[in-house]
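S.K.: Below is a structure I'd like to ask you about.
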Amino acid sequence: MSTSYLRLLTGNKKWAEEKLKVNPDFFKNLTLGQNPEYLWIGCSDSRVPANEITNTNSGEIFVHRNIANIVLNTDMNLLSVLYYAVEVLKVKHVIVCGHYGCGGVLAAMENKDQGFVNNWLRNIKEVYSKHCKELDAITDFTARANRLVELNVIEQVHNLAKTKIVQQHWKSRELEIHGWVYGFDNGLIKDLKVSYSDIKNVEPVFRYDI
Ligand code: CO
């Protein structure tokens, strides 16, 4: 049997020692609780770790990740994370961060049967379908995939604004939703500038009387 997992445990030991060297109270502080200002909704892809690419520490970002950073209104996991982040932790910003070269997005563009994952990828296919005029006009596959990655993030930002959780929060407190895309080519995050901070920009049919 492979023992490659052991390096994670030795790595953890080394990491904990280094943290204590820099700040002897590092772990003591973490036991006091969390007060993150941001909720991060990102892709499960192993190459997109929220804290690492934003140069932030433990305790700074509340994180939810799934394949292709989808905000699905029937996903109890996502909704629970969103509710807790917004209502209890009172985060000030919710960030949907996709990434170019996303395997989920690429798979959704193809017709191959992905087994159980079909059900999840269907959400991205719907985004493609909604924007097929723009996407079909892009002849280069990678360019088309990159644009779908961006459009998917934009749609998920809209999906957040359509939830009662977010709309309710806007009644009494400030909350900004952002759409970002991370690129492996240069390690940089692109702000898609689709931020929302009140109900005014939500399509009328999705607004709740609260
Ligand atoms: Co991905």
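S.K.: Every residue in the stretch 178-198 that is within 15 Å of Val94 (Cα to Cα), among the aromatic types (Phe, Trp, Tyr) and within 14 Å of the chain's Cα centre (by Cα), please.
M.R.: Hit for the stretch 178-198 is Trp180, nothing else.
S.K.: Is the stretch 106-125 home to any residue that is farther than 13 Å from Val153 by Cα, away from the ligand (no atom under 14 Å from the Cβ) and in contact (Cβ under 8 Å) with a residue 24 or more places away in the chain?
M.R.: no
S.K.: So which residues in the stretch 43-84 are within 16 Å of the ligand (Cβ to nearest atom), open to solvent by less than 40 Å² (accessible area, probe 1.4 Å) and polar (S, T, N, Q)?
M.R.: Asn66, Asn69
S.K.: Search the stretch 179-201 for residues that are free of Cβ contacts under 8 Å to residues at least 60 places away in the same chain and pair each with any residue that is open to solvent by 70 Å² or more (accessible area, probe 1.4 Å) when their beta-carbon atoms are under 7 Å apart and the residues are at least 6 apart or on different chains.
M.R.: Ser197/Glu174; Ile199/Arg207
S.K.: Same structure, new question: Report the residue count in the stretch 175-210 for those that are closer than 16 Å to Val149 by Cβ, open to solvent by 70 Å² or more (accessible area, probe 1.4 Å) and outside any strand (DSSP E or B).
M.R.: The total comes to 5.
The values are calculated or read from the model by the stated rules, or taken from the named source; none is laboratory data. As the structure is a prediction and not an experimental result, all values here were calculated from the model. Here the Cβ is made from the backbone with ideal geometry for all residues, glycine too, and neighbour counts use every protein chain on show. The area values use the complete protein model at the heavy-atom level, side chains included, leaving out ligands, DNA and RNA. Shrake-Rupley method; radii C 1.70, N 1.55, O 1.52, S 1.80 Å.
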